[in-house]
Amino acid sequence: QPPRRLADGTAVVPPNVPWCARDELLFPGRTTVCSTCRDELTVRCPVDGAVRPASQQVCRACGTRYVLGAGVDPLTVRTTARPPTGGAAVA
């Protein structure tokens, strides 16, 4: 999909979102190759903003390690209606 643009026409590319600069398209979280031109996609590091190939899992500028698209899948959190065994005072 095309990115949102500022008033001056500059593309707004969120951190850790695969981006094809040639076609100016954003892709889903785990995509590493553009479906239009077949170029390798790039992503911007969420920590320092450095741009890296989408296939790399470590930012070469700050050393942050992350998995592309890791936050894409929904997470189910289950709670219980009672405190843990032994009560709330258990350390």
Inspect the range 30-41 for any residue being closer than 25 Å to Thr64 by Cβ, touching a residue at least 24 places away in the same chain (Cβ under 8 Å) and exposed (fewer than 12 other Cβ atoms within 10 Å of the Cβ) and give the result as yes or no.
no
Suppose we filter the range 1-50 for residues that are touching a Ser or Thr at 6+ places or on another chain (Cβ under 8 Å) and hydroxyl-bearing (Ser, Thr, Tyr); how many remain?
1
The condition of being of a type in the set (Gly, Ala, Ser) and at pLDDT 85 or above holds, among Ala54, Ala91, only for Ala54
If I ask for residues that are over 14 Å from Leu68 (Cα atoms) and not basic (Lys, Arg), which ones from the range 19-29 would you list?
Cys20, Ala21, Asp23, Glu24, Leu25
With the requirement that a residue be farther than 12 Å from Leu68 by Cα and either in a loop (DSSP other than H, G, I, E, B) or under 15 Å from the mean Cα position of the chain (by Cα) (or both), what does the range 1-18 give you?
Gln1, Pro2, Pro3, Leu6, Ala7, Asp8, Gly9, Thr10, Val12, Val13, Pro14
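The values are calculated or read from the model by the stated rules, or taken from the named source; none is laboratory data. Since this is a predicted model, take the numbers as computed values, not measurements. Note: ideal-geometry Cβ built from the backbone for every residue, glycine included; neighbour counts use all protein chains shown.
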